[in-house]
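**Student:** Quick one: this structure, given as structure tokens, is what I'll be asking you about.
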Amino acid sequence: MNRLAIINGRLADPAGGAVAEGVILIEGDSIVAAGAADVPADAERIDAAGLVVAPGLIDLGVFRTDKPAFHFGGITRAALMPDQSAPLDDPGLIREATRGGKPDFWVHPIAAATRGLEGREMAEIGMMQIAGAKAVGTGRQWIADSGVMMRVLSYAAGLGLTVIAHAEDGGIAGKAVATTGETATRLGLAAAPACAEAMAIARDLALVRHTGASIHFRLVSTKAGFDLIRAAKAEGLKVSCGISPAYLFLSDLAVTDFRTFARLSPPLRSEDDRQACLQAVADGTVDVITSSHDPRGPEDKRLPFADASPGMAGAETLLALSFNLVRDGHVTMNRLMALLCANPARILGVPAGAFTPGSAADIIFIDPDAPWQVDSGKMAAAAGNTPFDRLPVQGRVRKIMKGGQFL
């Protein structure tokens, strides 16, 4: 079996306290030791040359697989949302999706909770789990029928699957494209109050309390939402939540001038809610940072704001933007890697995202100080619809290893 030793690297271990120099030993496609380990005489040495060595990023909830963008951003595993041209509500579609990234990255499909993602009839979740689904998702929709949602949670709990939920009450949000406030009023946009998020979270937490299921709210973006999740965690409920960099670094002011690249789902929030998002990352309420990668071309974005499709290309900016949280003192480097790697792996139930023995040898080599500028016209993604266009950032992935092999 091939034996490798990564030396002279600074290990960003999600389970560690601080970045420290160390060695990573690999046999085949798995990590066997990390830290202060002796290098076997027969191991091939790989010199990290002082770069930060971290587990490959695990992006929990992308809407499209995108090899160039994933490689640029250091993403080695992606959980694919069920919102596809043919919703992932059938075992055959799940099996096909699992093969979509080979041999360049791992794809972990999220099974549609209901047929056609219509929120009415539960899909064949058990069969899709056998076919390779690693979680169950409501997609970019809220299941309005509480009875259906209760059955989804109960069934997923019996299978040991986490339900990944969209936190936005559809009855309140309706066809709104913005958050109620000064910006939406000035622009004349259809808007909904931010409480749509807390209403959805409160309902689903009540059902989790009844069923004992595990739930992950893919994107939470309001203070009221985070307050509910903090209380649920203190109660001992099996709840986690995620966020994307857009809600950490942009407020609803970003849609000024009808900038459709900032048309997202859920919509961008007020500055007060943005500050609450940063606090939720710092105090541990947030478990996952995801890119929500959804590259969309001119046919979807070069439209009147209300007609444009929501979503942003986020895979290649995920790491660099997230590094701002470290520089601003909100989290440590190792805590950031828990948000980007270890916690998503735990929710999906895959042996990756960490340096513990037996973890997959999916590893990235990072220059955290390398400067570059986001350029929507030159992005590696399938489309360059980023609200961070022209923003100077720092942090580049220099090498990627998947299963012990460099890509």
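The values are calculated or read from the model by the stated rules, or taken from the named source; none is laboratory data. Quick caveat, the model's predicted, so the values are computed rather than measured. Positions of Cβ are generated from backbone atoms using ideal geometry, with glycine treated the same way; all protein chains shown enter the neighbour counts. Surface accessibility is based on the protein's heavy atoms, side chains included, excluding ligands, DNA and RNA. Shrake-Rupley method; radii C 1.70, N 1.55, O 1.52, S 1.80 Å.
**Student:** Can you give me the relative contact order of the chain as a percent, contacts being Cα pairs under 8 Å and 6 or more apart? Spell out each step's value before the answer.
**Tutor:** Values: 1005 pairs, mean separation 79.7, N = 407.
Here the relative contact order equals 20 percent.
**Student:** At each listed q (0.15, 0.24, 0.29 Å⁻¹), what is the log10 of I(q)/I(0) that the Debye formula gives for region 228-288 modelled as equal alpha-carbon point scatterers?
**Tutor:** -0.50, -0.97, -1.20
**Student:** Okay, moving on. Quick check: the distance between the Cα centres of region 299-358 and region 135-149, to the nearest angstrom?
**Tutor:** Going from one Cα centre to the other spans 23 Å.
**Student:** Only helical DSSP H runs with n ≥ 4 go in: add -39500 (n - 2.57) per run for the chain, normalise by residue count and round the 222 nm mean residue ellipticity to 500 deg cm²/dmol.
**Tutor:** -8000 deg cm²/dmol
**Student:** Could you quote the convex hull projected area for region 73-214, Cα atoms only and averaged over all directions, in nm²?
**Tutor:** 9.9
**Student:** Continuing with the same structure: Which stretch or stretches of region 280-303 have amide N atoms under 19 Å from the point lying 7 Å from residue 389's Cα along the Cα→Cβ direction?
**Tutor:** Only 293-303 pass the distance filter.
**Student:** Straight distance only, please: which lysines reach the Cα of residue 67 with their own Cα at less than 29 Å, same-chain residues fewer than 8 apart left out?
**Tutor:** Within the straight-line cut-off, residue 67 pairs with 102, 134, 301, 378, 399, 402.
**Student:** Springs between alpha-carbon pairs under 10 angstrom, Gaussian network model over the chain: which of 378, 301, 67 fluctuates most?
**Tutor:** 378
**Student:** Could you give the Stokes-Einstein D for region 307-378 in µm² per second, using the C-alpha Kirkwood radius, 25 °C, 0.890 mPa s? Present the calculation step by step, with values, prior to reporting the outcome.
**Tutor:** Details: Rh = 14.4 Å.
It comes out at roughly 170 µm²/s.
**Student:** Next up: How many angstrom separate the Cα center of region 90-117 from the Cα center of region 231-294?
**Tutor:** Here the two parts' Cα centres lie 26 Å apart.
**Student:** Note down the accessible area of residue 199, probe 1.4 Å, to the nearest 10 Å².
**Tutor:** Solvent-accessible area, nearest 10 Å²: 100 Å².
**Student:** Gaussian network model of the chain, Cα springs within a sub-10 Å range: biggest mean-square fluctuation belongs to which of 80, 264, 253?
**Tutor:** Of 80, 264, 253, the Gaussian network model singles out 253 as fluctuating most.
**Student:** Counting each pair of different Cα atoms once, what's the Kirkwood radius of region 187-287 in Å, rounded to one decimal?
**Tutor:** Result for region 187-287, one decimal place: 14.1 Å.
**Student:** How high is the relative contact order of region 1-126, given as a whole-number percent (alpha carbon pairs under 8 Å, six or more residues apart)?
**Tutor:** Averaging sequence separation for qualifying contacts and normalising by length gives 18 percent for region 1-126.
**Student:** For region 261-407, calculate the relative contact order in percent as a whole number, restricting contacts to Cα pairs under 8 Å that are 6 or more residues apart.
**Tutor:** Taking the mean separation of contacting Cα pairs over the length of region 261-407, I get 25 percent.
**Student:** Considering only protein heavy atoms, what is the solvent-accessible area of residue 406 at a probe of 1.4 Å, reported in Å² to the nearest 10?
**Tutor:** Approximately 90 Å² of residue 406 is accessible to the 1.4 Å probe.
**Student:** At q = 0.23, 0.26 Å⁻¹, what is the base-10 log of I(q)/I(0) for region 85-134 according to the Debye formula with one equal point scatterer per Cα and no solvent? Please give it to two decimals.
**Tutor:** The Debye formula, applied to the Cα set alone, gives -0.74, -0.89.
**Student:** Not counting ligands, DNA or RNA, and with a 1.4 Å probe, what is residue 293's accessible surface area in Å² rounded to the nearest 10?
**Tutor:** Using a 1.4 Å probe on the heavy atoms, I get roughly 0 Å².
**Student:** Then there's this: List the residue ranges in the chain for DSSP H helices whose C-alpha atoms run 27 angstrom or more along the long axis and whose Kyte-Doolittle average is 1.0 or above.
**Tutor:** Correct list, ordered by number: empty.
**Student:** Using only the Cα atoms of region 104-155, each taken as one equal point scatterer with no solvent, compute I(q) by the Debye sum, divide by I(0), and report log10 of the ratio at q = 0.16, 0.21, 0.32 Å⁻¹.
**Tutor:** -0.43, -0.69, -1.32
**Student:** Only Cα pairs within less than 10 Å get springs; with that Gaussian network setup on the chain, which residue of 49, 380, 173 has the largest fluctuation?
**Tutor:** Highest fluctuation of the listed residues: 49.
**Student:** While we're here: Given 20 °C and 1.002 mPa s, how large is the Stokes-Einstein diffusion coefficient of the chain in µm²/s, with Rh as the Kirkwood radius over Cα pairs?
**Tutor:** Calculated translational D: 100 µm²/s.
**Student:** How much length is gained if the chain between residue 307 and residue 271 is pulled fully straight, taking 0.36 nm per residue apart and subtracting their Cα-Cα distance, in nm to one decimal?
**Tutor:** Taking residue 307 through residue 271 to full extension adds about 10.5 nm, to one decimal.
**Student:** Here is a further query. Which distance in Å, rounded to a whole number, links the C-alpha centroids of region 167-230 and region 371-407?
**Tutor:** Using only Cα atoms, the two centres lie 30 Å from each other.
**Student:** For region 35-89, state what percent of all Cα-Cα pairs lands in each successive 5 Å bin, counting from 0 Å until the bin that includes the largest distance.
**Tutor:** Distribution as computed: 4, 14, 17, 16, 13, 11, 9, 7, 6, 3, 0 percent.
**Student:** Roughly what % of Cα-Cα distances in region 1-79 sit above 18 Å, to the whole percent?
**Tutor:** Working: 1532 of 3081 pairs.
Counting pairs separated by more than 18 Å, the tail of P(r) holds 50 percent.
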